[in-house]
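Read the structure below first, then the notes.
Each value in this text was obtained by applying a stated rule to the coordinates, not by laboratory testing. Note that the coordinates shown come from a computational prediction; the quantities given were computed from them, not determined experimentally. In this analysis, Cβ positions are derived from the backbone assuming ideal geometry, glycine residues included, and neighbour counts consider all displayed protein chains.
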Amino acid sequence: MAETFLFDALREAIDEEMSRDQTVMVMGEDVGQYGGSYKVTKDLYEKYGELRVLDTPIAENSFTGMGIGAAMTGLRPIIEGMNMGFLLLAFNQISNNAGMLRYTSGGNFKIPVVIRGPGGVGSQLGAEHSQRLEAYFQAVPGLKIVACSTPRNAKGLLKAAIRDDNPVLFFEHVLLYFNKEDLPDDEYILPLDKAETVRTGKDVTILTYSRMRYHAMKAVEALEKKGYDPEVIDLISLKPIDYDTIGASIKKTHRVVIVEECMRTGGIGAEIIASINDRFFDELDGPVIRLSSQDIPTPYNKGLEDLTIVQPAQIEEAVEKIMQGRL
Amino acid sequence: MVQERPLPTFQATSPQVTKEEGLVVYEDMVLGRYFEDKCAELYQRGKVKGFVHLYNGQEAVASGVIKAMRSDDYVCSTYRDHVHSLSAGVPAREVMAELFGKETGCSKGRGGSMHMFSKEHNVLGGFAFIGEGIPVALGAAFQTRYRKEAMGDAGADQVTAAFFGDGTTNNGQFFECLNMAALWKLPIIFVVENNMWAIGMAHERASSQTEIYKKASVFGMPGYEVDGMDVLAVRAATKKAVERARAGEGPTLLECLTYRYRGHSVADPDELRDPAEKKFWRDRDPIKRFEAYLLEQDLASETDLKSIRDKITDVVEDCLTFAEESPDPHPAELYKYIFAED
Ligand SMILES: Cc1ncc(C[n+]2csc(CCOP(=O)(O)OP(=O)(O)O)c2C)c(N)n1
Ligand SMILES: [Mg+2]
């Protein structure tokens, strides 16, 4: 099959699921006539009509709640955040009603919604458009949180998210939409709760997700030349975290470096370190190293922005340090 | 401060209900009243915990709206949700058991007073945050239109009623949802229960335009001011709104002028409201008024009404016994219901 851009892989996933299941629909700002701000819903409006690809007013909290109500009564809405950061306005609906309502209702209702869109630090988009909400939402019970990173996993995971009966927050990354990859010709679905081992190695476990996967792999190129053999795991599922895969890797390497794009305080890595300590402390040769974005609003200036997020050289350095026991 | 805004009058030229309908509505209002009286007593006795918001005085709204709808229509409530749930058909036993936190409660003891849910009776909840139920109700209404037009289900003509208070109409979700409902002509009725107070905030101190029904017009939707102490007025207005919604003509806003007899919640000492104001409204008690109407119109006899009241007294006693005797949720099921597969 031809090389497919990540945004097109997502589009294919939505298209296939919409044609398979009439209850699947998309809603959000500019998803219809305009085709989505990153073209993830391009041409679907023409194909499925204005109800199944619903252009909403700019009212994030209310249209998110509306998607939840539609899900409670039998539809499977895909709610697009034009930028995931805008869903801060929908925090209440995502937390109280997507995340908690099933439990609060004693199992009366299920909420099969996918809430998806671009997140992460882009190219000089400024603080508000460079947010990493996965860290803010990870504490909400009842949510599943997924971050895709390649065209292949984007498609397989989104299809799984649409079919899942639970609310799934699905993070894409603004800078990955134009990544290209050959996709399988046959239909495939990927599990939402499984991490992806990007590179097998025996020296150190690098845990990462979303765009930082590429920074990690860049560091690995240099590390390989120096004779190191790191294992790189793309978490994929940020909630729940796949501790089976992580544990198996730690039992092999005994060393962990976490590379994440969210901020250090209250981040995904903070949670993982705590859980690694709970579960695999005896397997560790030393403390887990955590490389995160700085605890600051992402600055506009290119130089400052680069300093804010983790760069490949820092990952390289951290791995060398942990390997040499220089902690 | 005594009522300044005159209640709209509703001229009943002929009986608005048949005997059978009238008795159903009457029984529903009595159930709402007796159930809440029992809740107040149970709270005082320490049997029921948490925040408990009672509905006394507002019965004509729940009964007038919900009993004019079908059982497959949707109802969306707030934290003041016991009586909406009862009117929608959730058994008193399940509502009371929920207040006791029991496994037999309509939300399996996980929700409590402010979180009544029933998929079986299309009760979408029990929402404890101001305004957050309105978008959910909108979603149910959207689903109906979607099912009909995008999925070709000719039988999809359900209507959704979203209930909320005067204070809630100052929240963005109210305006956002009015806009979307009108834009997409969704089959929804926005039922504002204007009881003049939002906890201790008097309506005119919070709203620049106190006549809420007028806010419908800017969205191009009909808005009506309704005497919320007159169940027949509420019922008549609802019927119009339901007809419009089922016909695919879109939403309606009903502002029902009403009053809560008790404090905001059972924990509220209710010291702010003027006794004269309370008396003004109590004199218009919706249950007494409807009783008088039923008798006047020869739709019921004193004996009929008394036997209904006696029956409801028994229903409330029975639901209390049921709740007390029901088991607590099992500790091993603490994590049950987090995910759809649980
Ligand atoms: C988002 C949010 N803010 C504040 C509250 C606290 N609160 C509960 S009820 C209430 C007043 C609501 O008044 P109104 O909408 O008139 O309804 P009523 O209680 O009179 O039925 C407030 C402020 C809340 N539950 N949710
Ligand atoms: Mg009020």
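Within the stretch B:202-238, how many residues turn out to be within 12 Å of residue B:256 (Cβ to Cβ) and either among the charged types (D, E, K, R) or surrounded by fewer than 17 Cβ atoms within 10 Å (Cβ to Cβ) (or both)?
Qualifying residue count, the stretch B:202-238: 4.
From the set of residues in the stretch B:169-193 that are among the polar types (S, T, N, Q) and within 13 Å of chain A (Cβ to nearest Cβ), which is farthest from ligand 1 (Cβ to nearest atom)? Break it down into steps so the answer makes sense when it comes.
Pass one, the stretch B:169-193, residues among the polar types (S, T, N, Q): B:169-171, B:173, B:179.
So of that shortlist, the ones also within 13 Å of chain A (Cβ to nearest Cβ) come out as B:171, B:173, B:179.
Values: B:171: 7, B:173: 9, B:179: 19 Å.
So, considering only residues that are among the polar types (S, T, N, Q) and within 13 Å of chain A (Cβ to nearest Cβ), the one farthest from ligand 1 (Cβ to nearest atom) is B:179.
Testing residue A:251 on (1) of a type outside the set (Asp, Glu); (2) surrounded by fewer than 22 Cβ atoms within 10 Å (Cβ to Cβ); (3) out of contact with any helix residue (DSSP H, G or I) (no Cβ under 6 Å at 6 or more places or on another chain); (4) farther than 21 Å from residue A:121 by Cβ, one condition comes back false. Which one is that?
For residue A:251, the failing item is (3).
Look through the stretch B:172-202, keep the residues that are of a type in the set (Phe, Trp, Tyr) and not in a loop (DSSP other than H, G, I, E, B), and return whichever of them is nearest to ligand 2 (Cβ to nearest atom). Steps first, please.
Of all residues in the stretch B:172-202, those of a type in the set (Phe, Trp, Tyr) come to B:174-175, B:184, B:190, B:197.
Those left that are additionally not in a loop (DSSP other than H, G, I, E, B): B:174-175, B:190, B:197.
Details: B:174: 13, B:175: 17, B:190: 15, B:197: 5 Å.
For the stretch B:172-202, the residue satisfying everything is B:197.
Which of the residues belonging to the stretch B:133-167 are buried (at least 23 other Cβ atoms within 10 Å of the Cβ) and more than 10 Å from chain A (Cβ to nearest Cβ)?
Result: B:159, B:161, B:163, B:164, B:165, B:166.
Would it be correct to say that residue A:244 is exposed (fewer than 15 other Cβ atoms within 10 Å of the Cβ), in a helix (DSSP H, G or I) and more than 21 Å from the chain's Cα centre (by Cα)?
On the way: exposed (fewer than 15 other Cβ atoms within 10 Å of the Cβ): yes; in a helix (DSSP H, G or I): yes; more than 21 Å from the chain's Cα centre (by Cα): no.
It is false that residue A:244 is exposed (fewer than 15 other Cβ atoms within 10 Å of the Cβ), in a helix (DSSP H, G or I) and more than 21 Å from the chain's Cα centre (by Cα).
Can you tell which of A:99, A:74 is farther than 25 Å from residue A:34 by Cα, at the interface with chain B (Cβ under 10 Å from one of its Cβ atoms) and more than 20 Å from the chain's Cα centre (by Cα)?
Values: A:99 fails: more than 20 Å from the chain's Cα centre (by Cα).
The match here is A:74.
Exactly one condition in (1) within 16 Å of ligand 2 (Cβ to nearest atom); (2) over 15 Å from residue A:97 (Cβ atoms); (3) assigned to a helix (DSSP H, G or I); (4) touching a Phe, Trp or Tyr at 6+ places or on another chain (Cβ under 8 Å) is false for residue B:169; which is it?
For residue B:169, the failing item is (4).
Which condition number does residue B:119 fail, the rest of (1) within 16 Å of ligand 1 (Cβ to nearest atom); (2) surrounded by fewer than 22 Cβ atoms within 10 Å (Cβ to Cβ); (3) under 18 Å from residue A:100 (Cα atoms) being met?
So the condition that residue B:119 fails would be (1).
Which condition from (1) within 13 Å of chain A (Cβ to nearest Cβ); (2) under 30 Å from residue B:155 (Cβ atoms); (3) more than 16 Å from ligand 1 (Cβ to nearest atom); (4) hydroxyl-bearing (Ser, Thr, Tyr) is the one that residue B:85 breaks?
With respect to (1) within 13 Å of chain A (Cβ to nearest Cβ); (2) under 30 Å from residue B:155 (Cβ atoms); (3) more than 16 Å from ligand 1 (Cβ to nearest atom); (4) hydroxyl-bearing (Ser, Thr, Tyr), residue B:85 is out only on (3).
From B:338, B:308, B:312, grab the single residue that is within 14 Å of chain A (Cβ to nearest Cβ) and β-branched (Val, Ile, Thr).
Numbers: B:308 fails: within 14 Å of chain A (Cβ to nearest Cβ); B:312 fails: within 14 Å of chain A (Cβ to nearest Cβ).
That would be B:338, the only listed residue that is within 14 Å of chain A (Cβ to nearest Cβ) and β-branched (Val, Ile, Thr).
Inspect the stretch B:194-217 for any residue being within 14 Å of chain A (Cβ to nearest Cβ) and away from ligand 1 (no atom under 16 Å from the Cβ) and give the result as yes or no. Walk me through it before giving the result.
Filtering the stretch B:194-217 down to residues within 14 Å of chain A (Cβ to nearest Cβ) leaves none.
No: the stretch B:194-217 contains no residue that is within 14 Å of chain A (Cβ to nearest Cβ) and away from ligand 1 (no atom under 16 Å from the Cβ).
Considering each residue of the stretch B:122-132, count those that are at the interface with another protein chain (Cβ under 7 Å from one of its Cβ atoms) and buried (at least 21 other Cβ atoms within 10 Å of the Cβ), and give that number. If you could, list the steps in order and put the result at the bottom.
Taking the stretch B:122-132 first, the residues at the interface with another protein chain (Cβ under 7 Å from one of its Cβ atoms) are B:124-125, B:129, B:132.
Next, only the ones that are buried (at least 21 other Cβ atoms within 10 Å of the Cβ) stay: B:124-125, B:132.
The qualifying residues number 3.
Looking at A:253, A:245 in this structure, which one is among the polar types (S, T, N, Q) and over 24 Å from residue B:338 (Cα atoms)?
Working: A:245 fails: over 24 Å from residue B:338 (Cα atoms).
After applying the criteria, what remains is A:253.
Of these, B:104, B:78, which one is surrounded by fewer than 24 Cβ atoms within 10 Å (Cβ to Cβ), more than 19 Å from residue A:75 (Cβ to Cβ), more than 9 Å from chain A (Cβ to nearest Cβ) and β-branched (Val, Ile, Thr)? Working first, answer last.
Working: B:78 fails: surrounded by fewer than 24 Cβ atoms within 10 Å (Cβ to Cβ).
Result of the check over B:104, B:78: B:104.
Quick one: count up the residues across the stretch B:148-166 that are more than 16 Å from ligand 2 (Cβ to nearest atom) and either part of a strand (DSSP E or B) or within 25 Å of residue B:272 (Cβ to Cβ) (or both). Don't jump to the end; show me each part of the working.
At the first step, the residues of the stretch B:148-166 found to be more than 16 Å from ligand 2 (Cβ to nearest atom) are B:148-161.
Cutting the leftovers down to either part of a strand (DSSP E or B) or within 25 Å of residue B:272 (Cβ to Cβ) (or both) gives us B:160-161.
Residues in the stretch B:148-166 being more than 16 Å from ligand 2 (Cβ to nearest atom) and either part of a strand (DSSP E or B) or within 25 Å of residue B:272 (Cβ to Cβ) (or both): 2 in total.
Quick check on residue B:293: is it crowded, with 18+ Cβ neighbours inside 10 Å and within 14 Å of another protein chain (Cβ to nearest Cβ)?
Values: crowded, with 18+ Cβ neighbours inside 10 Å: yes; within 14 Å of another protein chain (Cβ to nearest Cβ): no.
Taking the combined requirement at face value, the residue does not satisfy it.
Criterion first (in contact with a Gly (Cβ under 6 Å, 6 or more places away or on another chain) and either within 16 Å of ligand 1 (Cβ to nearest atom) or within 14 Å of residue B:197 (Cβ to Cβ) (or both)) does residue B:270 satisfy it?
Details: in contact with a Gly (Cβ under 6 Å, 6 or more places away or on another chain): yes; either within 16 Å of ligand 1 (Cβ to nearest atom) or within 14 Å of residue B:197 (Cβ to Cβ) (or both): yes.
Here the answer is yes, as residue B:270 does meet what is asked.
Are any residues in the stretch B:264-320 outside any helix (DSSP H, G or I), β-branched (Val, Ile, Thr) and either without any contact (Cβ under 8 Å) to a residue 60 or more places away in the chain or out of contact with any helix residue (DSSP H, G or I) (no Cβ under 6 Å at 6 or more places or on another chain) (or both), and if so, which ones? First the steps, then the outcome.
At the first step, the residues of the stretch B:264-320 found to be outside any helix (DSSP H, G or I) are B:264-274, B:283-285, B:297-301.
Subset that is β-branched (Val, Ile, Thr): B:266.
Selection gives nothing.
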